[in-house]
Every structure is written in structure tokens, then in C-alpha cells.
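Structure record follows, encoded as C-alpha cells.
Values quoted throughout were computed directly from the atomic coordinates according to the rules given, and no laboratory measurement underlies them. For clarity, every value in this text was computed on a predicted model and none was experimentally measured. Quick reminder, even Gly has a Cβ in these numbers, built from the backbone with ideal geometry, and neighbours come from all protein chains shown.
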Ligand code: CUA
């Protein structure tokens, strides 16, 4: 298989990708050949049998049995090839191999959360080992999203109130984009994630480390700065004072904030904590109540770390 990627497809990076690509190219080239045949025949007949004079009559040939059987049988064979090939590949893509590592993926406006077997969780970064089947159990907190990893040829709708399943096995280490391919609102195009494929050794040590709330020996403030990136706060909150979908974190701590209901509140530890866990409780004036809750996503010490980081962002 082509390892570089082509005009149509990115480099195949999962066990199923080669098979999907072969079928795609079979359909593509079969269609191309037929397209050229049909179009050239049409052009040829238009020219060859054009009406030359006013009195010239249309040919009396009504049909040709041999030709008609031929152009029925050949496409039927092609359709059967595509069906059997496609069905076999479809089954492979849908039957999860035994012994797969199960990761729970959750879509919500507008980021992904991933829960690992040991209780660790990540936001937007899906971390997996190379050469191991990964079973993705997907669901949504709000509207329909869709989990798409082009390099793996994996795409699955993510629905509220039910689970969908897909699986993949990465064949190389590296980073691969995750897109949301179901329009889900204002932040849809920014609902981006990454599959980070590590060696099995690196994956296992990462898993061990991530079971800790914050990295050992790291200052709360620095851990908060990391969480700000890794838990996707960065998507909506700037740290340089630029207003975005949500208020910037810069210079917020210790100030009075005007709320949507007309009241005012002092931005202190308690307000920040409440806004992380129950964002709709006190919405800042001029902003939409779009922030999702981080209840269950952040542990207590991680919330402390984020607050410490926000406190450090003074003018
Ligand atoms: Cu989520 Cu589009």
C-alpha cells in the first residue's frame, strides 16, 4: 500500500485502512473506466450518426439482445464484487477483536473526553498503544457528534442517550487528527482532537502517571497551566485578555464580575470552583451559557491547580 498518502486519502495508519483503500480505489477506477467508455461511445455516436439531411430518417434498429445481455451482466458482476468485498470489510470494521483495550469516548460541545480502563481521563487527546486493538465506546452529553479519524479510516456517529461502538488498531506511532463530522453548533469546526499513538512501553508508563491527579513534584500553578491546555479550557478562555467565546482568564482573580442576571460577584476561589463544576450557575454578563460542566472530569487537586494558574495570570 502507499505509505505516503495520495490525492484522495491520507497515509493508511491502521490495520483496516489498506482494505478500505483497496475497495475505494477499485470502485474509483471501475467508475473511471466506465465513465470514459460511456462518454466516448456517446460522443462517437453523436458524431457518427448525426442527421445529415432534412429527409434522413432515424435508424430502424430497435435493440440488440447480445449487447443488452452484456451490459446487464458486466455491471451486475461488478456490483456483486463491490457488495461482497464491502460487506466483508464492514464486518471486520464492526466486530471488535477480543482482548481490545476499551476506552470510553464522550463528545460534547465542543470537545472530546476519553476515559481509560484505570480511571485516567484526557480531553481531546486520545492516547493509545501501537499494535493493539482499541475498542471505542462512544456517547454524547448533548447533541449528535461524529468521531472521525481519517488516517485510520474510522468514523462513527456519537449520539446522546445511547452508545455506539467502533474499533481500530494503529500500525504506527505518531499523532493523528480527530475531527467531529456532524454539525453540532458554533464550535463544531473547532471540535478537534488527536490520537496520540505511543509504543506499548510509553503507553503503560503514561497510564501509570496519569492515574495521579497532577504530576509528582510539580507546582500547582504549573500543573494548572498544563491542565488549561490538556483539558481544553484554551478552546474558549484566553490568557492574554482577548475575549472569546468566554471571558479571558487574565486579570480576573480578585475583581468584581458583572453577571448576566445583573448582580455582581467577587472572583475568588469559591466562584472559580463553582464555575468549573456548575458553569451555568453564575454566567458572566455578555456571554452565552455554553460551558460544559467539568464535574467528574477534573479531580479536586486539578481544580486547585487550575485556580492557582488563573490566580497567577495578573496584569
Ligand atoms: Cu461535535 Cu461537530
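Taking the number of other C-beta atoms within 10 Å as the exposure measure, put 110, 85 in order starting with the fewest. Don't skip to the end; give the middle numbers.
Details: 110 24, 85 15.
With the sparsest Cβ surroundings first, the list reads 85, 110.
Once the mean of 1/r is taken over each pair of separate Cα atoms and inverted, the chain shows a Kirkwood hydrodynamic radius of 23.6 Å. So, in Å, what gap is there between the alpha-carbon centers of region 241-289 and region 10-56? For region 241-289 versus region 10-56, the Cα centre distance is 59 Å.
Estimated from the Cβ-Cβ distance and a Förster radius of 41 angstrom, the FRET efficiency linking residue 67 and residue 94 is about 0.50. Distance between the modelled labels on residue 56 and residue 183, one decimal in nanometres: 5.0 nm (7 Å Cα→Cβ projection).
Using the 10 angstrom Cβ neighbour count as an exposure proxy, how do 7, 37 rank, fewest first? Please report the intermediate quantities before stating the final value.
Details: 7 4, 37 10.
Taking fewest neighbouring Cβ atoms as first place, the list is 7, 37.
For the chain, give me the percentage of DSSP beta bridges that are antiparallel, rounded to the nearest 5 percent. In the chain, DSSP labels about 70 percent of beta bridges as antiparallel.
Suppose R0 equals 30 Å. What FRET efficiency, 1/(1 + (r/R0)^6) with r the Cβ-Cβ distance, do residue 211 and residue 84 give to the nearest 0.05? The calculated FRET efficiency here is 0.05.
Relative contact order of the chain: what whole-number percent is it, with Cα pairs under 8 angstrom and at least 6 residues apart?
Numbers: 507 pairs, mean separation 44.7, N = 315.
That works out to 14 percent.
Peptides 58-65, 16-23, 254-261 ranked from most to least packed give 16-23, 254-261, 58-65, packing being the mean of other C-beta atoms within 10 angstrom over each peptide's residues.
Would you calculate a helix-derived [θ] at 222 nm for the chain, using -39,500 (n - 2.57) for each DSSP H run of n ≥ 4 and dividing by the full residue count, to the nearest 500? Display every interim value, and only then the final one.
Numbers: 6 runs with 106 residues, N = 315.
The per-residue figure over the chain is -11500 deg cm²/dmol.
Put the Cα centre of region 64-87 next to the Cα centre of region 156-231 and the gap is 45 Å.
Give me the percent relative contact order of region 208-315, please, defined on Cα pairs under 8 angstrom at least 6 residues apart. Provide the component values of the computation, followed by the final result.
Details: 152 pairs, mean separation 37.2, N = 108.
In percent, rounded to a whole number, it is 34.
Restricting the calculation to Cα atoms, region 101-210 shows an Rg/Rh of 0.95 when the hydrodynamic-style radius is the Kirkwood one. Per residue, the convex hull spanned by the Cα atoms of region 220-312 measures out at 85 cubic angstrom.
For region 1-86, report the % of Cα-Cα distances exceeding 19 Å.
Roughly 61 percent, rounded to a whole number.
Of the residues 142, 157, the one with the fewest other Cβ atoms within 10 Å heads the list, and the complete ranking is 142, 157. Which shape class applies to region 182-271: rounded if a/c is under 1.5, otherwise prolate when a/b exceeds b/c and oblate if not, where a ≥ b ≥ c are the square roots of the Cα gyration tensor eigenvalues? Since a/c reaches 1.5 but b/c is at least a/b, the shape of region 182-271 is classed as oblate. Computed over region 101-210, relative contact order equals 30 percent, with contacts defined as Cα pairs under 8 Å that lie 6+ residues apart. Between residue 190 and residue 37, the FRET efficiency estimated from the beta carbon spacing at R0 = 51 angstrom works out to 0.70.
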